[in-house]
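Report on the structure given below.
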Amino acid sequence: MSALPLLGRTSVGLGLLLAWGSLGHVTRTAGMPYAPLGLDALPMNGGIALGFTLVFLGAWVAFVRGRAPDLAAVIIVMLFALGNQILEWQQPPGVGVNGATALPGAALTAWWVARRTTPAPDERTHRGVEAACGIVAASYALAMLSKVYTSGFAWASAGNMGMQIATQGYLVPEPFPSIRLAAAASTPLGWALVSAGGRRAS
């Protein structure tokens, strides 16, 4: 029995693929200057990135096709964790983790744990999906509460939203920044938001 119906596996697989793509900028920084001694001199180059990507794609295909999905999920989560750790070692302390992989990784971990701890085989898929959806729902609810508690509803202002669009658009490899910014500027509202964000960032 496959872990998820085909449509569900494909939808989740698309999210995982986009999350992996968000780690592409890791390889654009030479070395890991904030890593512990002995690791800070290790290079990050295209060959290493290609090796990680091939492992990810193998696990991703296995997950989407429903072949050994539990093992594939473990490999994907470990690669997300490794990518985030490398990213932390490339940035000054306190910058934070890559949220694009943190949430999918947490949801996939909950899916795996729920499946592995459910005795009845017929219930494993249902429990796994419920656990993953619960993680996503709780994360968004907590993020909303944090924003409202910290700044009230000012976080939803046009300037702040525009700055998020303008800055986040450059955190992914080409051609995605151009596509994101073009999409944001394709409507009067999007253009106003991007303009407001650019003025705030300058």
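In the stretch 167-179, is there at least one residue being surrounded by 12 or more Cβ atoms within 10 Å (Cβ to Cβ), polar (S, T, N, Q) and at pLDDT 65 or above?
Within the stretch 167-179 (the criterion being surrounded by 12 or more Cβ atoms within 10 Å (Cβ to Cβ), polar (S, T, N, Q) and at pLDDT 65 or above), the answer is yes, since at least one residue qualifies.
I'd like to check something: does the stretch 70-85 contain any residue that is more than 14 Å from the chain's Cα centre (by Cα), in contact (Cβ under 8 Å) with a residue 24 or more places away in the chain, farther than 30 Å from PRO36 by Cα and in a helix (DSSP H, G or I)?
Yes - at least one qualifying residue is present in the stretch 70-85.
I'd like the residue in the stretch 39-69 that is at pLDDT 90 or above and closer than 20 Å to ALA114 by Cα and, out of all such residues, is surrounded by the fewest Cβ atoms within 10 Å (Cβ to Cβ).
ALA62
Conditions (1) touching a residue at least 24 places away in the same chain (Cβ under 8 Å); (2) assigned to a helix (DSSP H, G or I); (3) closer than 18 Å to ASP70 by Cβ, marked per residue:
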position	(1), (2), (3)
ALA102	no, yes, no
ALA107	yes, yes, yes
VAL113	no, yes, yes
THR125	yes, yes, yes
GLU130	no, yes, yes
GLY134	yes, yes, no
MET144	no, yes, no
LYS147	no, yes, no
MET161	yes, yes, no
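The values are calculated or read from the model by the stated rules, or taken from the named source; none is laboratory data. Computed from a prediction, not measured in an experiment: that's the story for all the values here. So basically every Cβ, Gly included, is an ideal-geometry build from the backbone, and we count neighbours across all protein chains shown.
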